[in-house]
Structures are given as structure tokens and as C-alpha cells.
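First comes the structure, then the notes that go with it.
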Amino acid sequence: MNKLTVLTIILVIIGLFGYMLFREGTLPVNKQNEEAIIFTIIPGEPLDSVINNLSKNDLIRNRLAFYMLVKQRGLERKIQAGQFRLSQSMSAYEITNSFMRGSIDTWLTVPEGLRKEEIAEIVYDTFGIDEDEFNALAREGYMFPDTYLISANPTAEQIVDIMTETFEEKYTPEMRAQAAAKGYSDDEVIILASIIEREAKYDIDRVEIASVIVRRYEEDYPLQIDATVQYALGYQPREQRWWKSVTTFDDLEYDSPYNTYLYSGIPPAPISNPGVASIQAVLDADPNTKYKFYLSDDAGNTYFAETYEDHQRNIERYLN
């Protein structure tokens, strides 16, 4: 028997052995056990992590076999995040099919600083829920921005309730006590936080920006914040967005109680839905800050000034 024949036989044996291991590795862990296990895949979770968790939950026989199956079927980029009802009676093929069909629950991600109409658009895109129905129920400022796992076929009321309840959890009794100690109502805190959420581009500037805004508020000096004007102006058809990119001098004359150039104090209600960091920034703000003005350049860098003259110099230096 020549060397080529021997090599061929060895390769065939190795191939058959590998196939048997692969086939064995994709069989159910326990064909008789149909007890459901709720398995969660978080958004952006790596495939290796998913496979390790499947193994820890005794849902697959062999991690390598499952990995090879996913690669073989080209599914690594098609597996959806969410919750799945699996069992040990399912083969690796059935599990991957479940991942492809869709989860029993759906992830809903709401970023900080959106107005409720923008959240309604996300809810519509995710669940097909009517935007007007959601907006009629949602309370601006109290739709807490977070990533939620929502049960199948939710109603607008259910989603609003979930987001509102999360706000109540995140805005803790300690925060409420801190607000009361500063002489602020909860509504004042959330209105101020909603402004800061739109104004602070970087966390490092958040408390200082809050301090300037709080100082101006307590001194009854007009806040003069473009974001409040943008909120008042509403949807911009040409830009197809809710926040106008650039406010003009004419915009600053727009008559609305939300226009903090025309009216002192804070707007009558929040202008966005803030996260914990902006709420806490209000509570940590120093109304005795030496700064009374600030501006942000196109990159989001913030520059503070003690006097109007210094502020004008910053405008000429960083915005012109």
C-alpha cells in the first residue's frame, strides 16, 4: 500500500470522526426534557458569549459543534437580541432556528435627550404602535431613557407605564430629598435636567453647565438657551427632524412660553427626557459658580465665561 493511499485513508477516517463528533454535538442534550428555559441575548452580545451561556444552561452538547453550525449556516450576524423560549429537548439546529425566527420579547432602546415625539417614532418602528396614541399618553420628561425588554404585542399604555415606572425607580427618594433641601420641586428638577440633557455634550461639563443654568434661574436672569427655542419650534419638515440644526435671530423672537430668550425662569414643562446623570447634575449644581455664561463649539467643547464681555470674546473665538 503506497503512501498516498494510506494518507487518503487517514484523511477519510479523520473526516468521518469529525463528522460524527459534529453530528453528536448538535443533538439535543436531553430529548425527554421539554421544560422551557427563558434564554436572553443582550444587544451586541458576542457569539462566543452566547455559546458559553447556552453551554452553562445545558442547552447544547458541544460549544465547538454549535459554533461550526452557526458559521456553516452563516447566522453569526443574523442572530437577534431578545428572550427565547428554549429547552434541552431541542437540537442545535432547532435552537439556531429559534434565534432566527425572533424572540418572544423585543429590545427597545431609548437614548437620553429625546422629546416624546422622537420616542414615539422609535416605538412605532419597533412595534408598529400609533405615534399619536403614544404621544397622547406620554408625559414629557418622565419617559425614562433606557434599554427595555418588552413583551410581544405591547400597547402604547403598557410601554408608557413601563417607562414611567422606571423613572420613578431611577429618581430615588434620596434624590427627591436632595431636591427638597435645595428648595426645588420635582418638576423643577426634571425641567432643568431636560435642558441640561440637550446642552451638555460631555459628562465632564455637565455639572458646570448645570451650575450656570441654576445660577441664572435663581437670579431670575433669562436662561437664553437655544434648545428651549428649538423645542418650541417643533418639527422641521425640511430637515426631517424635531430639533432645528441652527437657530436664527428670527427664531429667538418666536413667541412661546418655552422661549427662554423672551421669558425669564424655566419653561412650563420639560423639553426632553433626561437620564440620571443630568438629573444628578441639577442636584449637584453650585448656584454660586463664578460663571454666568457658556457656549459649545461644533465639536461639543464647552467654554465658560464670568462676564458678558468674556462671553462675547468666546463667541468670536470659537463660533465665528
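Every number here is computed from the coordinates shown, using simple stated rules; none is lab data. For clarity, every value in this text was computed on a predicted model and none was experimentally measured. For neighbour counting, all protein chains shown are included, and Cβ atoms are generated from backbone atoms with ideal geometry for every residue, glycine included.
Treating only the Cβ of Lys, Arg, Asp and Glu as charged (+1, +1, -1, -1), what charge dipole size does the chain show about its Cα centre? Round to the nearest 20 debye.
In debye, rounded to 20, the chain gives about 2320.
Can you tell me the 0 to 90 degree angle between the C-alpha axis of helix 203-218 and the longest principal axis of the chain, rounded to 10?
Here the helix axis deviates by roughly 30 degrees.
Exposure proxy check: 258, 67 ranked by fewest other beta carbons within 10 Å?
So the ranking, lowest neighbour count to highest, is 67, 258.
Treating the stretch 106-169 as a set of equal point scatterers at the Cα positions, no solvent, please give the Debye-formula log₁₀ I(q)/I(0) at q = 0.26 Å⁻¹.
The computed values of log10 I(q)/I(0) come out as -1.24.
Less than 10 Å Cβ to Cβ from residue 297, Lys/Arg counted +1 and Asp/Glu -1: what total charge do the surrounding residues give?
Spelling it out: positives minus negatives among the neighbours equals +1.
Computed over the Cα atoms of the stretch 15-103, what is the ratio Rg over Rh, Rh following Kirkwood?
0.95
Return the calculated 222 nm mean residue ellipticity for the chain, to the nearest 500 deg cm²/dmol, obtained by summing -39500 (n - 2.57) across DSSP H runs with n ≥ 4 and dividing by the residue count.
So the helix-based figure for the chain works out to -15000 deg cm²/dmol.
Dividing the convex hull volume of the Cα atoms of the stretch 172-289 by its residue count, what figure in Å³ per residue is obtained?
So the per-residue Cα hull volume is 103 Å³.
Size of the chain along its principal axes in angstrom, Cα-based, largest extent first?
Principal extents (Cα only, largest first): 96, 46, 42 Å.
What whole-number distance in Å separates the alpha-carbon centres of the stretch 200-260 and the stretch 126-171?
25 Å
In µm²/s, what is D for the stretch 111-251 at 20 °C and 1.002 mPa s, where D = kT/(6 pi eta Rh) by Stokes-Einstein and Rh is the Kirkwood radius from Cα pairs?
Diffusion coefficient, whole number: 127 µm²/s.
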